[in-house]
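Structure first, then comments.
The values are calculated or read from the model by the stated rules, or taken from the named source; none is laboratory data. Bear in mind that the values here come from a model prediction, so they are computed numbers and not experimental data. Positions of Cβ are backbone-derived with ideal geometry, glycine not excepted, and every protein chain shown enters the neighbour counts.
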Amino acid sequence: NGTGQLGTNEIDAFRASPVQLSGSWIDVASGTSHALALKADSTLWAWGIGTNGQLGGNTAATIGSPVQVGTLTGWTDLAAGNTISFARRSDSTLWAWGAGASGQLADGTSISKSSPVQIGTLATWFAVS
C-alpha cells in the first residue's frame, strides 16, 4: 500500500488482512501501484499512484481512495498494467490512458494521457485483459 493502491485512503499503511471498500463493485483490475474498478452503475473508478496519468482523472497525483474517472458510464471491462490503464465500454469501444512514450496508447502519438482516449474508431472490441 505504499502508493495507496488498497484504496483505504492510507498511504504506506501495511495491511496483513483483507480490507473491504464500501460500494457495489463488480470488477477490479490492478497494476503494479494502482487499481481500477467498476461499480454496479457502470462507472469507472481508480486509485493509487498516478505519475503517468494511469488514474485517468487528469492528474498525476497519488490518490489513496477511489475517485471516479471522468463522467462517462457504460464501462464493462478493465485492464491495468504497470503505468497504463485500459477499459472497454458497452458500445464496444476501447479506451486507454497512462504512459504513452512508446506508443502504447495506440492513439498515433508517443504522449502520456491522464484521461481516457478512445483507441481508433472501431466499435467492435470484445474484451480487454
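Out of all the residues in the range 88-100, which are closer than 20 Å to residue 57 by Cβ and small (Gly, Ala, Ser)? Once the filter is applied, which keeps residues that are closer than 20 Å to residue 57 by Cβ and small (Gly, Ala, Ser), the range 88-100 yields 96, 98, 99, 100.
Does residue 19 fit the bill of being among the β-branched types (Val, Ile, Thr), in a loop (DSSP other than H, G, I, E, B) and on the phi < 0 side of the Ramachandran plot?
yes
Restricted to the range 114-129, and to residues there that are assigned to a strand (DSSP E or B) and free of Cβ contacts under 8 Å to residues at least 60 places away in the same chain, the residue that is nearest to residue 100 (Cα to Cα) is 117. Is there a residue being aliphatic (A, V, I, L, M), at pLDDT 90 or above, touching a Ser or Thr at 6+ places or on another chain (Cβ under 6 Å) and over 24 Å from residue 20 (Cα atoms) anywhere in the range 47-65? No, there is no match, as no residue in the range 47-65 is aliphatic (A, V, I, L, M), at pLDDT 90 or above, touching a Ser or Thr at 6+ places or on another chain (Cβ under 6 Å) and over 24 Å from residue 20 (Cα atoms).
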